[in-house]
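> Please find one structure pasted underneath; my questions will follow.
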Amino acid sequence: MKHKEITVKMSAEFSRLLIGLVFLFSGFVKAIDPMGFEIKIEEYLNVWGLEGFQPLILLIAFNLIAFEFTLGINMLLGVYRRYTTWAVLALMLLMTPLTLYLALFNPVTDCGCFGDALVISNWETFFKNILLLAASVIALVYHRKLLSCYSAKTRWFVPLFAYACCLFFACWNYNHLPLVDFRPYKEGVHIPTQMSIPEGVPEDEYRYSFVYEKDGVRKEFSLDDYPAGDSSWTFVESKTELVKEGYTPPIPAFGVYDLAGNEVGDIILGHSEDLFLLIAARIEETSDKHLDEINNLYDYAEEHEIPFYCLTGSSDREIENRINRTGTEYPFLKADAMLLKTIIRSNPGLLWMNNGTILKKWHHNDLPEEEEINSLLTGGREGVTGKDKRNAWIYVSVFTFALPLLLVWIYDILYSRRRKNYSGMQSEWE
């Protein structure tokens with residue numbers, strides 16, 4: 001009997017930790033890049049023909065991120081065990097059939113459950129959800145056996161604090177560049193290298209077949225046995241099937257075009273000196289709030305003979321409207337809007353490049369002053385990416401979140417001990 005109790009306890013605690021860690025990680029990486037999750041939700045809505053919900057995408061994205069993160073924290077700390085395990089089970093009962101549908105019909109390439117931090121296939125996502133579904137059932141059935149770190153007096157603080165902190169963290173990353181860039185267009189990346197295919201890597205494998213017709217009957221032949229030279233067979237069509245996908249470079253292409261439709265991506269990447277790119281995936285959706293700052297940057301670039309272009313995925317008409325409305329003087333280039341959203345999570349955002357290398361990226365809320373540009377241009381090329389500074393901010397964010405939870409936990413222990421001692425003294429007096 002004791003052995004069975006230990007087994008049940010270990011299974012329940014393993015389920016608690018598994019669910020907690022997965023949900024915590026999933027919510028955290030989405031909070032780092034909430035715009036990426038917003039784009040993924042938009043992709044889902046477009047696939048299912050639910051474009052009418054697009055005005056609510058951002059609200060949905062932020063609250064789903066915070067909800068998932070809070071469930072992870074609640075599971076790890078054993079807070080509101082019954083309600084939390086019920087919520088997890090309900091979520092998994094919803095998501096598991098959904099991911100089976102994604103695996104079978106592949107309407108989107110990946111579910112986006114871990115953002116761009118960890119991209120897994122739709123089938124891998126489904127099997128992951130099967131495991132989490134089983135764990136959620138175990139956690140619910142044995143929720144009373146799960147470890148609880150907080151008493152009934154203080155447990156209310158945990159979900160409220162986790163939800164609020166996650167929302168704040170996601171908002172900060174949305175209104176600035178993400179603290180961690182999970183995409184291939186990171187600061188310090190040499191784009192042509194990321195586009196190259198190393199020698200010896202697997203290539204795509206295809207199966208070729210041919211359909212011929214004879215006496216009204218169609219038959220499919222392989223490349224080795226098709227009826228070449230047999231005039232009794234009439235060729236109908238050829239088929240090409242991808243059997244095995246080979247190596248795909250992190251950046252498959254960098255398609256940039258001038259307004260005449262000429263490809264200029266190689267010119268941009270091959271420019272051996274400094275270059276500024278203003279990235280506006282949808283220029284009609286940008287506000288005029290930072291117009292003066294952008295114009296000042298363009299004037300600075302002109303004065304120092306640094307090329308300055310605006311890359312946009314908008315139409316020629318929208319570009320013309322922008323020029324006529326604002327008097328914009330910098331030249332425009334065109335690229336796919338999704339490519340531009342991948343390059344920088346800001347509309348607009350600014351890139352500083354040199355010889356195909358991304359040296360620095362700025363959100364439109366953090367555009368540099370002339371003094372900062374001078375300092376960067378004259379201070380050499382090393383250390384401009386600010387990686388150490390971003391890592392420090394991550395440590396600060398984690399510490400800022402963990403410290404109040406730790407202090408409340410200590411208070412909870414001291415309060416419980418004091419209350420126990422008080423009850424013991426009362427018993428002695430009686």
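> May I ask you to list pairs of residues, at least six apart or on different chains, whose Cβ atoms are under 7 Å apart, with the first in the stretch 36-61 being in the same structural domain as L98 (by TED's automatic domain parsing) and the second being part of a loop (DSSP other than H, G, I, E, B) and surrounded by fewer than 17 Cβ atoms within 10 Å (Cβ to Cβ)?
E43/V108; Y44/V108; V47/P107; V47/V108
> Scanning the stretch 172-203 for residues that are charged (D, E, K, R) and within 30 Å of E241 (Cα to Cα), which turns out surrounded by the most Cβ atoms within 10 Å (Cβ to Cβ)?
We begin by selecting, within the stretch 172-203, every residue charged (D, E, K, R); these are 181, 183, 186-187, 199, 203.
In the following step, the residues that additionally are within 30 Å of E241 (Cα to Cα) were identified as 183, 199, 203.
Numbers: R183: 19, E199: 5, E203: 11.
Looking at residues that are charged (D, E, K, R) and within 30 Å of E241 (Cα to Cα), I get R183.
> Sticking with this one: If we only count helices (runs of 4 or more DSSP H) wholly inside the stretch 1-105, which ones have 2 or more residues that are of a type in the set (A, V, I, L, M) and over 26 Å from L179 (Cβ atoms)? I'd like the intermediate steps shown before the answer.
Numbers: elements: 2-32, 34-47, 57-77, 81-105.
Once the helices (runs of 4 or more DSSP H) in the stretch 1-105 are filtered for at least 2 residues that are of a type in the set (A, V, I, L, M) and over 26 Å from L179 (Cβ atoms), what remains is 2-32, 34-47, 81-105.
> Give the residues of the stretch 320-339 that are of a type outside the set (D, E, K, R) and over 24 Å from the mean Cα position of the chain (by Cα), sorted by residue number. Steps first, answer last, please.
Initially, the stretch 320-339 is screened for residues of a type outside the set (D, E, K, R), giving 321, 323-324, 326-328, 330-333, 335, 337-339.
Passing the criteria: N321, I323, N324, T326, G327, T328, Y330, P331, F332, L333.
> What are the pairs with Cβ atoms under 7 angstrom where one residue, in the stretch 108-126, is touching a residue at least 24 places away in the same chain (Cβ under 8 Å) and the other, located anywhere, is basic (K, R) and not in a helix (DSSP H, G or I)? Sequence gap at least six, or different chains.
Cβ pairs passing all conditions: D116/R183.
> Could you check F169 against (1) under 24 Å from L118 (Cβ atoms); (2) assigned by TED's automatic domain parsing to the domain that holds L76; (3) over 19 Å from the mean Cα position of the chain (by Cα) and say which number it fails?
Condition not satisfied by F169: (3).
> Another question about this same structure. Anything in the stretch 157-180 that is in a loop (DSSP other than H, G, I, E, B) and either in contact with a Phe, Trp or Tyr (Cβ under 7 Å, 6 or more places away or on another chain) or free of Cβ contacts under 8 Å to residues at least 60 places away in the same chain (or both)? List them, or say none.
Listed by number, the list holds a single entry, L179.
> Something else now. Examine the stretch 204-227 for a residue that is under 30 Å from Y247 (Cα atoms), among the basic types (K, R) and surrounded by 15 or more Cβ atoms within 10 Å (Cβ to Cβ), and state whether such a residue exists.
no
> Related question: Which strands (runs of 3 or more DSSP E) does the stretch 224-340 wholly contain that include 2 or more residues that are of a type in the set (V, I, T)? Break it down into steps so the answer makes sense when it comes.
Values: elements: 234-244, 274-280, 308-312, 332-335.
The strands (runs of 3 or more DSSP E) meeting that bar are 234-244.
> Please work out if V141 is outside the structural domain of L18 (by TED's automatic domain parsing) and surrounded by 14 or more Cβ atoms within 10 Å (Cβ to Cβ). Full working, then the answer.
Numbers: outside the structural domain of L18 (by TED's automatic domain parsing): no; surrounded by 14 or more Cβ atoms within 10 Å (Cβ to Cβ): yes.
Judged against the criteria, V141 is not a match.
> Suppose we filter T154, T84, T70 for residues that are outside the structural domain of K361 (by TED's automatic domain parsing), free of Cβ contacts under 8 Å to residues at least 60 places away in the same chain and touching a helix residue (DSSP H, G or I) at 6+ places or on another chain (Cβ under 9 Å); which single one remains? Give the steps one after another, and end with the answer.
On the way: T154 fails: free of Cβ contacts under 8 Å to residues at least 60 places away in the same chain; T70 fails: free of Cβ contacts under 8 Å to residues at least 60 places away in the same chain.
So the residue among T154, T84, T70 that is outside the structural domain of K361 (by TED's automatic domain parsing), free of Cβ contacts under 8 Å to residues at least 60 places away in the same chain and touching a helix residue (DSSP H, G or I) at 6+ places or on another chain (Cβ under 9 Å) is T84.
> Checking the structure you have, find out if any residue of the stretch 242-256 is touching an Asp or Glu at 6+ places or on another chain (Cβ under 6 Å), surrounded by 11 or more Cβ atoms within 10 Å (Cβ to Cβ) and among the small types (G, A, S).
Yes, the stretch 242-256 contains at least one residue that is touching an Asp or Glu at 6+ places or on another chain (Cβ under 6 Å), surrounded by 11 or more Cβ atoms within 10 Å (Cβ to Cβ) and among the small types (G, A, S).
> Within the stretch 46-63, work out how many residues are touching an Asp or Glu at 6+ places or on another chain (Cβ under 7 Å) and either more than 23 Å from G27 (Cβ to Cβ) or of a type outside the set (V, I, T) (or both). First the steps, then the outcome.
Our first condition is that a residue be touching an Asp or Glu at 6+ places or on another chain (Cβ under 7 Å); within the stretch 46-63, this holds for 54, 57-58, 61.
Still in the list and also either more than 23 Å from G27 (Cβ to Cβ) or of a type outside the set (V, I, T) (or both): 54, 58, 61.
Counting residues in the stretch 46-63 that are touching an Asp or Glu at 6+ places or on another chain (Cβ under 7 Å) and either more than 23 Å from G27 (Cβ to Cβ) or of a type outside the set (V, I, T) (or both) gives 3.
> Follow-up. Looking at the stretch 356-376, I want the residues that are assigned by TED's automatic domain parsing to the domain that holds L278 and have a partner that is of a type in the set (F, W, Y) and in a helix (DSSP H, G or I) with Cβ atoms under 6 Å, at least 6 apart or on another chain. Which pairs are those?
Final answer for the pair search is E370/Y300.
> Filter the stretch 340-353 down to the residues that are under 17 Å from A253 (Cα atoms) and within 14 Å of the chain's Cα centre (by Cα) and list them by number.
K341, T342, I343, I344, listed by residue number.
The values are calculated or read from the model by the stated rules, or taken from the named source; none is laboratory data. Fair warning: this is a prediction, and the values are worked out from it, not measured in the lab. Note that each Cβ is placed from the backbone with ideal geometry, even for glycine, and that neighbours are counted across all protein chains shown.
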